[in-house]
Every structure is written in C-alpha cells, then in structure tokens.
Amino acid sequence: MAELAIIGGTGLTSLNNLEITQRELVHTPFGEPSGPITYGKLGSTEVMFIPRHGSGHTIPPHKINYRANIWALKEHGAKNVIAVNAVGGIDDDMGPGALIIPDQIIDYSYGRPMTFFEDSLDTVVHIDFTHPYCESLRQLLLRAAEIADLKLVDHGTYGATQGPRLETAAEIRRMERDGCDLVGMTGMPEAALAKEQALCYASICLSVNWAAGKEEGEITMQAIEACMVEGMEKVRGLLEKVPEADTAR
Ligand code: HPA
C-alpha cells in the first residue's frame with residue numbers, strides 16, 4: 001500500500017517518471033475525486049497520484065472537490081501528501097521559476113466546502129492549524145532539493161485566493177501588507193482538510209509569474225505556460241529524489 005501521495009497541480013497532470021502499476025476509480029461520501037488514483041513507483045517507492053484539476057486539466061480551482069481528493073488518498077492508505085501548486089510571486093525572491101516550500105498560509109478563499117466536520121455538532125473537531133504544513137515532510141523536500149542540486153526558497157506564506165481570475169494590484173498590495181509571499185488558488189482548503197485527516201502534508205510551489213502589479217504589463221497565459229513547462233521539469237527532478245531523501249528521515 002502506498003503511503004506517499006502526490007497531488008499534481010497545473011502543469012503536472014501526470015508524472016512521467018512514474019512507473020504506473022494500476023489505476024483505480026474511487027467514490028467517496030463527499031463525491032468524486034478529480035480523477036482515478038494512479039498507483040506507481042517512483043524509483044523503488046510506491047506512490048499514489050491524483051491530478052488536482054483532472055487528467056485533462058478541466059476542473060477550475062473553485063470547483064475542485066478537495067474533500068473527495070483528500071478522503072480518497074486517506075482511505076487508500078496515504079500518510080504523507082506532497083502537493084504541487086503553481087503560484088504567483090509576491091516576495092522579491094519568488095519570481096517566475098522559483099521553487100518554494102511554504103511554511104504558512106493565509107486563506108482568502110470563500111464558498112468552498114472546507115471541512116469534513118460540517119454536519120453534526122457532536123463531531124466537530126477544531127484542528128490545531130498553527131503550523132499548516134507538516135514540518136518533517138517540509139524538511140524531507142528540502143533534503144531532496146539538496147540531493148537534486150536545486151535551489152529553492154525554504155519558507156513563505158501562501159495566500160490562497162478564490163480565483164479563477166487573477167488578483168488586482170491593490171489586492172496583491174494588501175496581501176503583501178498581510179505578510180503573504182506568494183499567491184495561489186489551490187492551497188486551501190486542501191491543507192486544512194489534510195490536517196483534519198491527520199495526514200502529513202507539505203507543498204512544493206512553483207512560481208510561474210510575478211503577482212499582479214509586481215511588474216509592468218499584463219500577466220499573459222503564454223508567459224505562464226512557458227514558465228510552467230520548464231519549472232515542472234524541476235519539480236519532477238525534485239520528486240524523483242524524495243525516496244532517497246526519505247532514507248535519511
Ligand atoms: N495568482 C493566483 N494564482 C496563481 C497565480 C497568481 O498570480 N499564478 C499562478 N497561480
């Protein structure tokens with residue numbers, strides 16, 4: 001049973017270094033996940049993979065069934081979950097191409113089912129979310145980056161916006177004042193749901209553009225896509241080294 005799961009983001013709908021052994025359609029009490037769980041081997045380590053936006057990248061951030069994805073992975077034995085997220089850079093060190101392992105979150109999203117403990121007051125659980133990401137998995141990713149000889153930023157506050165539109169310059173200025181270093185649309189409620197399910201969850205963020213107002217001119221999809229192709233190769237290289245980094249855990 002695979003204990004490590006990867007949730008792929010935009011630009012990472014499959015893992016080409018994954019030796020696929022099985023695909024499994026999963027139904028959950030919360031509806032359908034973004035796609036079947038793909039089982040495979042990353043080197044000698046078994047992993048599960050779900051593309052967050054669906055295999056054809058058809059599900060927008062606000063329509064993703066985050067609960068079904070997390071539930072499906074937990075039900076199938078996941079203990080550690082590595083999320084991959086494309087983001088815009090707010091901090092000077094987090095421009096296009098930068099890889100960031102965030103350590104904090106501010107949630108600006110709304111209207112998304114964001115808890116497993118919704119219906120019965122008897123079972124409401126208030127999780128401790130002081131540290132939204134699992135520190136041991138963050139450290140493992142930092143070690144994997146060292147092995148892969150990849151430069152990355154080892155901290156950052158992820159601002160989760162609702163999307164699907166990008167932000168206004170004023171929204172980004174506000175987020176910067178709040179302390180956000182990067183902005184994306186998919187970090188929440190995923191991280192909180194993972195914590196509710198006691199999963200060890202961390203994220204690899206790839207900056208694919210400067211956040212709104214951080215540079216002159218429009219943010220174009222062409223520039224984002226170009227950055228994505230190159231950056232996701234680095235993410236794949238990083239993921240490949242996770243099993244080796246894990247032996248030191
Ligand atoms: N804002 C929000 N989400 C994003 C961005 C951005 O600038 N870039 C990639 N995902």
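The values are calculated or read from the model by the stated rules, or taken from the named source; none is laboratory data. Source: prediction; values computed, not measured. Here the Cβ is made from the backbone with ideal geometry for all residues, glycine too, and neighbour counts use every protein chain on show. Protein only, heavy atoms only, side chains kept; ligands, DNA and RNA dropped before computing areas. Shrake-Rupley method; radii C 1.70, N 1.55, O 1.52, S 1.80 Å.
Which condition number does GLY179 fail, the rest of (1) more than 16 Å from the ligand (Cβ to nearest atom); (2) within 28 Å of ALA78 (Cβ to Cβ) being met?
(2)
For segment 102-161, how many residues meet the condition of being touching a Lys or Arg at 6+ places or on another chain (Cβ under 7 Å) and under 14 Å from VAL242 (Cβ atoms)?
Result for segment 102-161: 6.
Here's the yes/no breakdown for (1) within 16 Å of the ligand (Cβ to nearest atom); (2) at pLDDT 95 or above; (3) in contact with a Cys (Cβ under 7 Å, 6 or more places away or on another chain):
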| residue | (1), (2), (3) |
| --- | --- |
| GLY11 | yes, no, no |
| THR21 | no, no, no |
| GLY35 | no, no, no |
| GLY40 | no, no, no |
| ALA68 | no, yes, no |
| LYS79 | no, yes, yes |
| ILE82 | no, yes, no |
| ALA86 | yes, yes, no |
| PRO96 | yes, yes, yes |
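Output the residue which, of all residues in segment 192-223 that are closer than 15 Å to ALA86 by Cα and either of a type outside the set (A, V, I, L, M, F, W, C) or away from the ligand (no atom under 13 Å from the Cβ) (or both), is most open to solvent (accessible area, probe 1.4 Å).
Ranking the candidates gives GLN222 first.
Give me the pairs: first residue in segment 158-183 and at pLDDT 95 or above and hydrophobic (A, V, I, L, M, F, W, C), second residue open to solvent by 30 Å² or more (accessible area, probe 1.4 Å) and assigned to a strand (DSSP E or B), beta-carbon distance under 6 Å, and six or more apart or on different chains, which are they?
Hits for this filter: ALA160/ASP107; CYS180/ILE106.
Among (1) within 15 Å of the ligand (Cβ to nearest atom); (2) under 17 Å from the mean Cα position of the chain (by Cα); (3) among the β-branched types (Val, Ile, Thr); (4) open to solvent by 20 Å² or more (accessible area, probe 1.4 Å), which single condition is THR168 missing?
Only one criterion in (1) within 15 Å of the ligand (Cβ to nearest atom); (2) under 17 Å from the mean Cα position of the chain (by Cα); (3) among the β-branched types (Val, Ile, Thr); (4) open to solvent by 20 Å² or more (accessible area, probe 1.4 Å) is unmet by THR168, namely (2).
Need pairs with beta-carbon distance below 6 Å; first residue without any contact (Cβ under 8 Å) to a residue 12 or more places away in the chain and within segment 47-75, second surrounded by 22 or more Cβ atoms within 10 Å (Cβ to Cβ) and not in a loop (DSSP other than H, G, I, E, B); sequence gap 6+ or separate chains.
Taking only residues 6 or more apart or on different chains, not a single pair turns up.
Tally the residues that are open to solvent by 60 Å² or more (accessible area, probe 1.4 Å) and more than 17 Å from ASN80 (Cβ to Cβ), restricting the search to segment 24-55.
5
Kindly indicate whether SER136 is in contact with a Pro (Cβ under 8 Å, 6 or more places away or on another chain), under 28 Å from MET48 (Cβ atoms) and of a type outside the set (D, E, K, R).
Judged against the criteria, SER136 is not a match.
Within segment 93-105, is there a residue that is under 16 Å from the mean Cα position of the chain (by Cα) and assigned to a helix (DSSP H, G or I)?
No: zero hits.
Cβ-Cβ below 7 Å, separation at least six or inter-chain, first residue in segment 209-233 and farther than 21 Å from ASP149 by Cβ, second at pLDDT below 95 and away from the ligand (no atom under 12 Å from the Cβ): which pairs?
none
Filtering segment 43-79 down to residues that are among the hydroxyl-bearing types (Ser, Thr, Tyr) and outside any loop (DSSP other than H, G, I, E, B), which residue is farthest from GLU3 (Cα to Cα)?
My answer is TYR66.
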